[in-house]
Amino acid sequence: MLRRPDVCLLVFCLFGATQALYKQWIPDTNYENRSNWNTGVVPCGRDRVVFPAPGSVYVGTAHSVQEMTLPPNGELLLHAGAGFYIGGAEEPGCGAGAVARFRDSDPLRWFDPTLWHAALTPDDLGKGRHVFSVHEESVPCERDDVVFEAATSFRVDTSSSGGGAVTVRSVSVLGETFSRQADLARYLGSASGRAQFHGGSALAVEPSGCDDPAGCVCDNSANRRRICEGVACPPALPCEVPLRPAGHCCDVCGAVVSVRFAAGFSLLSYRRRVQRLFLDLPAYGAVQLGMSRVPGAPLPMGLLRGGAADHIQVVVLDGGAGLVAEALARDLLADVDAHGAELGIAGAEIKASSGNGTVGPWGALVGAFFGVLLLVLVGVGVVVLRRRGWRPPSIAMPTMPSMPAMPWPRRATDDEALGGPLDAGFENPMFDTPGLMSAVPSIYGAEMSPISMTTSGVHFVNPAYEDHETDLNV
Ligand SMILES: *[C@@H]1O[C@H](CO)[C@@H](O)[C@H](O)[C@H]1NC(C)=O
């Protein structure tokens, strides 16, 4: 028998945590990440290090430098044993000495869909098992949990369209999770919070998760312009009828399956089923599949407005002309035909970029209605014209040779734009001890007095700018 708290926990695990996604910010401002240096390498003993912009920088180990220039204010987060020393110029492999400038992370925007990874669980995030999402859903949704990887620093511009607060379910920073607004607000006001988050909109948490087993609609449409701004769509596509999935910024080649769900449907179980039955097959190894609940689209010509219900949109892409994606979409359709009733699925329709889709019952009905209407109108027109003495002209139809299908070259940018196979997580064994800054390294002697240390980091006030910044001195 379960005691009551266990029951609550179980319910929380089943519904509260799993129907939305975990979204992880990708870029870091770690000292040891060589892509953060203009030289392309981590500076060594003969180099002069310059931090031109304010921010938060995580330092994992000890480094020797020739000289260091700090911005007006900022934060160095030192892992246990990390620090800086002068006099390592004889390091083997250190070049002739250069000026190494740290990258300015100010332009990196929260609403850039290319800067996030999504996963079903925190464990999947850690193991690099990411799920694909359309662009609007690649940035965190209101019910998602946001993760900034432990043992990394970062800087993100949270400005939203219209300046409204950016709300999510929880935010994890440096291994600490904030799910209450008061706690988050306190953190955002701290020196670390101000070094990591900037921009015209506040970040907020609203701890109501998504407790509908059929999932929740991710409504980021208010920020659509901002989200699509940073996305480079391919200029030409190698398919007949490119598709535009709901929430995506670009046309794509592939297939979109609309799944109508009924009572008993679970988005998570269906995701797992599709993964196990299809995505794990070698034939579909390169396929990207995004699955989410989207609002019902209005029917054509405004007929029966509001009658269309939410459905599950399954976007299938293969990075090429879409034929592999289409084959998978047809497998999904066959699975729904065979097992729909058990899965809580009332039906499914497919749209494919090869132009061979099936239309749902409503689409067929509306199409048939307009088809009949057109026939009647043409018939009436011909009768009227004939009465007035008009004879139809005879038209010679030339026979058309059928065009051979031309495969287009596959472009690497397709993969990049969609966060595809190039998406690879990494694990850094250096950071497996999250007990940060527990020991104050002795190499950081008293001679660096403008820098103050707390258990949460090293906050410095650059003496050259003392007038402007006094409140950071912890
Ligand atoms: C280094 O930073 C880049 C860009 O921010 C990021 O994509 C990459 O994952 C980081 N690499 C490592 C090893 O942390």
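Each value in this text was obtained by applying a stated rule to the coordinates, not by laboratory testing. The model shown is predicted, which means the values in this text are computed figures rather than measured ones. Glycine gets a Cβ as well: all are built from the backbone with ideal geometry, and neighbour counts include every protein chain shown.
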The range 131-145 - phi-based ³J(HN,Hα) in whole Hz, Karplus 6.51/-1.76/1.60, Gly and Pro as x: 10, 8, 9, 5, 4, 4, 9, 6, 7, x, 8, 4, 9, 8, 9
Near the amide H of residue 190, under 5 Å away, which other amide H atoms are found, from residues 5 or more places off or on another chain, if H is placed in the peptide plane? none
Residues with amide H under 5 Å from that of residue 83, placed H, sequence gap 5 or more: 61, 62, 63
Within the range 309-339, which residues have the backbone N less than 15 Å from the label spot 7 Å out from residue 251 along Cα→beta-carbon, could you tell me? 321-322
Treating only the Cβ atoms of Lys and Arg (+1) and Asp and Glu (-1) as charged, compute the dipole magnitude of the range 147-288 about its Cα centre; round to the nearest 20 debye. 80
According to the square roots a ≥ b ≥ c of the eigenvalues of the Cα gyration tensor, what is the shape class of the range 50-135, taking rounded for a/c under 1.5, prolate for a/b larger than b/c otherwise, and oblate for the remainder? prolate
Cα extents of the range 122-240 along the three principal axes, largest first (Å): 53, 33, 28
In what order do 269, 201 fall by count of nearby beta-carbon atoms within 10 Å, going from fewest to most? 269, 201
Within the range 36-183: Cβ-based charge dipole about Cα centre, in debye rounded to nearest 20 (Lys, Arg +1; Asp, Glu -1): 200
In vacuum, with every alpha carbon of the range 172-248 counted as one equal point scatterer, what does the Debye formula give for log10 I(q)/I(0) at q = 0.11, 0.27 Å⁻¹? Two decimals, please. -0.53, -1.26
Long-range tail of P(r) for the range 25-171 (Cα pairs > 18 Å, %): 63
Per the 1/(1 + (r/R0)^6) rule, R0 = 35 Å and r from the Cβ atoms of residue 356 and residue 224, FRET efficiency to 0.05 is 0.75
Whole-Hz ³J(HN,Hα) from phi, Karplus 6.51 cos²θ - 1.76 cosθ + 1.60, for the range 37-47, glycine and proline x: 10, 5, 7, x, 9, 6, x, 10, x, 8, 8
Using modelled backbone amide H atoms (1.01 Å from N, in-plane), which distant-in-sequence or interchain residues come within less than 5 Å of residue 346's amide H? 260, 261, 262
Which value in nm describes the separation of the simple spin-label points at residue 129 and residue 273, placed 7 Å from the Cα toward the beta carbon? 1.9
Can you list the HN-Hα couplings for the range 210-226, worked out from phi with the Karplus curve (6.51, -1.76, 1.60; θ = phi - 60°), rounded to whole Hz and with x for Gly and Pro? 9, 9, 8, x, 7, x, 10, 6, 8, 9, 10, 5, 4, 9, 4, 4, 5
